[in-house]
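The values are calculated or read from the model by the stated rules, or taken from the named source; none is laboratory data. Computed from a prediction, not measured in an experiment: that's the story for all the values here. Here the Cβ positions follow ideal geometry from the backbone for every residue, glycine too, while neighbour counts run over all protein chains shown.
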Amino acid sequence: MWIPGGSVDGVVDVVVIGAGQAGLSAAHHLLRRGVRPAALAAPGERSVVILDAGSGPGGAWRHRWDSLTMATVNGIRELPGMPVVEADPADPANRAVPEYFADFERRFEVPVQRPVRVVRVEDDQETAAQGGTALLRVHALGPDAVPLPPLRTRAILNATGTWTRPFLPATPGAADFRGRQLHTVDYVRAADFAGQRVGIVGGGISALGFLQEIADVAETFWYTRSEPVLEDGPFTQEDGREAVAGVIERVRQGLPVGSVVSNTGLRWTPALRDAQRRGLLERRPMFVRTTPDGVREADGTETGLDTILWATGFRHEVRHLRPLGLHNAAGGIALDGTAVVSDPRIHLLGYGPSASTIGANRAGRAAVTALLAALEREPAVSA
């Protein structure tokens, strides 16, 4: 199915990369607006190919830790045209959410090709030499990492998220540590740390959750670069608007950005109040280096550790777009809505202000509207 039937010379109008919340939302709106799966597109019809690196539906939700249940996960926005997620509060999110995504794909006949991992996107030199707007050439690996023939397209809706790009801060002595070093992506269950001394690094929601879980079976040590601030009271709509506005402004200026979630701050909950009473929130300043048997503290003392768990967040997975030179001198990518300012053929979904489930839905719809308006000025590639 990789070489689309109904297209000319393996060229399609749109390639959607990623089938998480943002990618499925975009695919849904494309199909509703009459864009046809490339294998079914007749001459003159707009065509789309939807690619996903996962072995099944669910995006990053397939890989969440077992203890993250539907009762403890942050709010999940329903997919377009679907009811809200209905699941038992005790159900693991890594099972319930992928099942919901799979139901969406079946119900709306979204033809996701998987597993297909895009490794590079570049200008198509043949069309670039002809002048005008060049096509894009997509290079990808299929099952068993077998290279697939390049696919040419007019535009890309990129929805690759962040899960595949965990961030690990550079730490002096890291290679000397004889224990285990894990990231959030590696976490499965607290029982794996039974009887150990565990250093947990990070000041976000995930780090606090790990602290509470692991402390039941192990001795924990919490490290952050700055003093965490936990605020009283609920997170309001106004708080949310301010967080989103801040991220939007950074994207507009082309500055490096994190997710909206990383800008919303931390709030006291009954569980965190209990953790405070248990002494679990006694934060330590970030250690200065890793030693073979643990870490050297900011005050020069040594602390022995069996495991260091880095809950230090993620970066946006856009490395496959590097050949296009989208990053500016500030290290960010400037966007106009979802379109890259320097290359409007590329739309980034789940990036900056759309890096949340509600933002992903809105970004998918907005990107499709803008993209189809631009394509209307050109003939369909299957004509």
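Quick one: would you say Val73 is more than 28 Å from Ser206 (Cα to Cα) and surrounded by 15 or more Cβ atoms within 10 Å (Cβ to Cβ)? For Val73, the condition - more than 28 Å from Ser206 (Cα to Cα) and surrounded by 15 or more Cβ atoms within 10 Å (Cβ to Cβ) - is not met. For the range 100-136, the set of residues classified as surrounded by 17 or more Cβ atoms within 10 Å (Cβ to Cβ) and part of a helix (DSSP H, G or I) consists of Tyr100, Phe101, Phe104, Glu105, Thr127, listed by residue number. Number of residues in the range 184-199 that are touching a residue at least 12 places away in the same chain (Cβ under 8 Å), more than 20 Å from Val73 (Cα to Cα) and surrounded by 15 or more Cβ atoms within 10 Å (Cβ to Cβ): the value is 5. Taken as a whole, the structure places Asp124 among residues that are without any contact (Cβ under 8 Å) to a residue 60 or more places away in the chain, in the same structural domain as Asn361 (by TED's automatic domain parsing), under 19 Å from Gly325 (Cα atoms) and not β-branched (Val, Ile, Thr). Only residues that are more than 17 Å from Val341 (Cα to Cα) and either hydrophobic (A, V, I, L, M, F, W, C) or under 10 Å from the mean Cα position of the chain (by Cα) (or both) were counted in the range 313-327, giving 4.
Applying the criterion of being over 26 Å from Pro37 (Cα atoms) and among the charged types (D, E, K, R) to the residues of the range 86-99, the residue that is surrounded by the most Cβ atoms within 10 Å (Cβ to Cβ) is Arg95. Among the residues of the range 76-83, is there at least one that is outside any loop (DSSP other than H, G, I, E, B) and either assigned by TED's automatic domain parsing to the domain that holds Gln21 or in contact (Cβ under 8 Å) with a residue 12 or more places away in the chain (or both)? No - not one qualifying residue is present in the range 76-83. Of all residues in the range 226-237, those that are modelled with pLDDT under 80 have Cβ atoms under 9 Å from Cβ atoms of residues that are among the polar types (S, T, N, Q) and surrounded by 10 or more Cβ atoms within 10 Å (Cβ to Cβ), 6 or more apart or on another chain, in Phe235/Thr264.
Tell me, please, whether a residue that is surrounded by fewer than 22 Cβ atoms within 10 Å (Cβ to Cβ), touching a Ser or Thr at 6+ places or on another chain (Cβ under 7 Å), on the phi > 0 side of the Ramachandran plot and in contact (Cβ under 8 Å) with a residue 60 or more places away in the chain can be found in the range 150-168. No, because not a single residue in the range 150-168 is surrounded by fewer than 22 Cβ atoms within 10 Å (Cβ to Cβ), touching a Ser or Thr at 6+ places or on another chain (Cβ under 7 Å), on the phi > 0 side of the Ramachandran plot and in contact (Cβ under 8 Å) with a residue 60 or more places away in the chain.
Within the range 213-222, can one find any residue that is of a type in the set (Asp, Glu), without any contact (Cβ under 8 Å) to a residue 24 or more places away in the chain and surrounded by fewer than 21 Cβ atoms within 10 Å (Cβ to Cβ)? Looking through the range 213-222, at least one residue is of a type in the set (Asp, Glu), without any contact (Cβ under 8 Å) to a residue 24 or more places away in the chain and surrounded by fewer than 21 Cβ atoms within 10 Å (Cβ to Cβ). Only residues that are assigned to a loop (DSSP other than H, G, I, E, B) and of a type in the set (A, V, I, L, M) were counted in the range 31-75, giving 11. Comparison of Phe167, Phe210, Phe221, Phe193 shows that the only residue that is modelled with pLDDT of 90 or more, farther than 26 Å from Ala275 by Cα and hydrophobic (A, V, I, L, M, F, W, C) is Phe167.
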